[in-house]
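Enquirer: Just passing along the structure, written as structure tokens.
The values are calculated or read from the model by the stated rules, or taken from the named source; none is laboratory data. If you're wondering where the values come from, they're calculated on a predicted model, not measured in any experiment. When we count neighbours, we look across all protein chains shown, and the Cβ atoms used for this are built from the backbone with ideal geometry, even at glycine. These accessible areas exclude ligands, DNA and RNA; they are computed on the full protein's heavy atoms, side chains included. Shrake-Rupley method; radii C 1.70, N 1.55, O 1.52, S 1.80 Å.
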Amino acid sequence: MVMAALLLVSFLASLLALAAVGLVVFRHYAPLLRRHNPGAAIPRGSFGCPLVGETLAFLRPHASTTTGAFLRGHVARYGAVFRSHLFGSPTVVSCDAGLNHFVLHNEDRLFQCSYPAPVRGILGESSLLVVTGDRHRRLRAVALAFAASASAGPRRRGYLAAVDRAARAAVASWHGGRLAFCREARQFAFGVIVEQVLGLSPEEPVAGKILEDYSTFMEGLVSLPVNIPGTPYARAVEARRKISVTLEGIMEEKRKGNGSFRKAAFLDVLLQNSDLSHDDKVTFVLDSLLAGYETTSVLLSLLVYFLGQSPKCQEQLKREHESIRSCKGAEEFLTAEDYKKMEYTQRVINETLRCGNIVKFVHRRALKDVRYKGYLIPAGWKVLPILSSVHLDPALYANPQEFDPCRWEGLNQTAGGKKFAPFGGGLRLCPGSELGKVEAAFFLHHLVLSYRWRLDGEDVPMAHPYVEFTRGLPIEISCHDPDPDPLARRARVYMKARWSSFDPSC
């Protein structure tokens, strides 16, 4: 009897607990839905568990070449636009190309960037990723000035030569066999960005210190936001502080004219800008590393991954670059005119961005009630345009899971359109996206002229949501020419290309 009574009490307590949870859920969500219910069309969907919502399922890692089980299941059940509860907010999730484009191109009018507070806590309140309004426009102008100085004007030739030199050095350091390519891609991308922004050689100790702290910073950026000593998040906050101190020292040396810094680095421009605070300048460097180091290195790894599974694409790419090299001396630097000739290379890069999905989604918030094609997005709700879903939509791309660079032949290859937005769009289109493509193209030039490669075992790009290869992308490489001397090898490639692809117009 006593046991039966205890079981009854336990059962009743469980019912009361469930009723209490249900009441909390009802009181939290019912006003949101009731407020707009008459004649409204808030997308169908589910808010998931109380408080947590569906965030954990949404962020579950999956191959970046797919949309993942969460989106696949919700789209099948509710359609391409559905409601959920993510990152602590009621959310409209969009896998629709038209709505994504509408959201991205109505920044500050109908929608506004709205990243979670923990992300802002690590990136800094001055980060271009999180600032809004006039402050965003002012800081974006600085970023655009950096991109413009590298892609046009007197610094352009020096920038292109620096990228070419770094790519040559990276490729020439290999001697065939097995290597973990992600590490090589990071070293190349880091070397380019620290030279261009800070005027540092990647071999200098201070550059190594920045890289070490930045790696800790990145680990915490995507960790649970628990700011307790010893956690990845807390270590990331501390790493950002260390980077700030290091950069303060570099800036002071720059002001005094001391040190071994290269002249005309973009840091010189930052130092002359009296409108920017010290934190603005530190955050700009961190943003540059995030875009110029992290994003570019992932793009390179994805290129090698897809091309490693397609010998035909490798060979076609090699023929294009042999033709370009045939018009140049064996050790002559690539130029802007050479880059314009890399038409097939551009198709390969675009197809890699489409299939690999470096940026899965972006965070926005509705500034007012927004109606779009029968949908109602209530003011204050979070909106997540899913860029990868559009890139992998069979209604927009035939056989979307297939890597096929030729699908871009004759098409508009400009990022930021309705069907193709690998770097976002609108006012927040990544200002350095073209620089990343230039660096990738120049790296591919030297890679395909020197080596062929294949994947060494199974390793797929995983979305965490940042993209990462679990095993570091091991590959097997072999020289086109067995001569171990890179200069002699390059001369042979040059002579072969010049006589097999002779063009009098060169």
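Enquirer: Using beta carbons and a limit of 9 Å, which pairs, at least six apart or on different chains, have the first residue in region 315-334 and polar (S, T, N, Q) and the second one outside any loop (DSSP other than H, G, I, E, B) and open to solvent by less than 20 Å² (accessible area, probe 1.4 Å)?
Expert: Gln316/Tyr344; Gln316/Val348; Gln316/Pro405; Ser323/Ala497; Ser326/Ala497
Enquirer: Out of region 365-381, which residues are in contact with a Phe, Trp or Tyr (Cβ under 7 Å, 6 or more places away or on another chain) and either open to solvent by less than 10 Å² (accessible area, probe 1.4 Å) or assigned to a loop (DSSP other than H, G, I, E, B) (or both)? Let's see the steps before the verdict.
Expert: Within region 365-381, the subset in contact with a Phe, Trp or Tyr (Cβ under 7 Å, 6 or more places away or on another chain) is 365-367, 372.
Matches in region 365-381: Ala366, Leu367.
Enquirer: Which of the residues that make up region 79-115 are under 20 Å from Cys430 (Cβ atoms) and outside any helix (DSSP H, G or I)? Even if it seems obvious, please write down each step before you answer.
Expert: Restricting attention to region 79-115, the residues satisfying the condition of being under 20 Å from Cys430 (Cβ atoms) are 94, 97, 100-108, 111-115.
The answer is Ser94, His105, Asn106, Glu107, Asp108, Phe111, Gln112, Cys113, Ser114, Tyr115.
Yes/no matrix, rows are residues, columns are (1) open to solvent by 20 Å² or more (accessible area, probe 1.4 Å); (2) without any contact (Cβ under 8 Å) to a residue 40 or more places away in the chain; (3) more than 26 Å from Ser244 (Cβ to Cβ):
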site: Ala63; (1), (2), (3): yes, no, yes
site: Val75; (1), (2), (3): yes, no, yes
site: Phe87; (1), (2), (3): yes, no, yes
site: Leu123; (1), (2), (3): no, no, no
site: Val130; (1), (2), (3): no, yes, no
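Enquirer: Looking only at region 146-162, decide whether some residue is within 24 Å of Lys281 (Cα to Cα) and basic (Lys, Arg). So that I can check it myself, show each step before the final result.
Expert: Residues of region 146-162 that are within 24 Å of Lys281 (Cα to Cα), as a first pass: 146-156, 158-159, 162.
Adding the requirement that they be basic (Lys, Arg) leaves 155-156.
Checked against the condition, which is being within 24 Å of Lys281 (Cα to Cα) and basic (Lys, Arg), region 146-162 yields at least one hit.
Enquirer: Go through region 214-232 and report how many residues are under 11 Å from Pro118 (Cβ atoms), touching a helix residue (DSSP H, G or I) at 6+ places or on another chain (Cβ under 7 Å) and either among the polar types (S, T, N, Q) or open to solvent by 50 Å² or more (accessible area, probe 1.4 Å) (or both).
Expert: So in region 214-232, the residues under 11 Å from Pro118 (Cβ atoms) come out as 220-227.
From the residues that got through so far, the ones that are touching a helix residue (DSSP H, G or I) at 6+ places or on another chain (Cβ under 7 Å) too are 220-221, 223-227.
Those still in the list that are either among the polar types (S, T, N, Q) or open to solvent by 50 Å² or more (accessible area, probe 1.4 Å) (or both) too: 223-227.
Of the residues in region 214-232, 5 are under 11 Å from Pro118 (Cβ atoms), touching a helix residue (DSSP H, G or I) at 6+ places or on another chain (Cβ under 7 Å) and either among the polar types (S, T, N, Q) or open to solvent by 50 Å² or more (accessible area, probe 1.4 Å) (or both).
Enquirer: Can you confirm whether region 303-316 contains a residue that is open to solvent by 20 Å² or more (accessible area, probe 1.4 Å), of a type outside the set (Gly, Ala, Ser), assigned to a loop (DSSP other than H, G, I, E, B) and at pLDDT below 90?
Expert: No: zero hits.
Enquirer: Quick test of your reading of the structure: Leu444 fulfils all but one of (1) among the aliphatic types (A, V, I, L, M); (2) surrounded by fewer than 20 Cβ atoms within 10 Å (Cβ to Cβ); (3) outside any strand (DSSP E or B). Name the failing condition by number.
Expert: The failed condition is (2).
Enquirer: Pick from Leu303, Leu289, Leu299: which is touching a helix residue (DSSP H, G or I) at 6+ places or on another chain (Cβ under 6 Å) and over 17 Å from Phe442 (Cα atoms)?
Expert: On the way: Leu303 fails: over 17 Å from Phe442 (Cα atoms); Leu299 fails: over 17 Å from Phe442 (Cα atoms).
Being touching a helix residue (DSSP H, G or I) at 6+ places or on another chain (Cβ under 6 Å) and over 17 Å from Phe442 (Cα atoms) holds for just one of Leu303, Leu289, Leu299, which is Leu289.
Enquirer: If the requirement is being part of a helix (DSSP H, G or I) and free of Cβ contacts under 8 Å to residues at least 12 places away in the same chain, which of these qualifies: Arg135, Arg140, Arg168?
Expert: After applying the criteria, what remains is Arg135.
Enquirer: Listed residues Leu179, Leu211, Leu198; which is of a type in the set (A, V, I, L, M) and open to solvent by 30 Å² or more (accessible area, probe 1.4 Å)?
Expert: On the way: Leu179 fails: open to solvent by 30 Å² or more (accessible area, probe 1.4 Å); Leu198 fails: open to solvent by 30 Å² or more (accessible area, probe 1.4 Å).
Residue meeting the stated conditions: Leu211.
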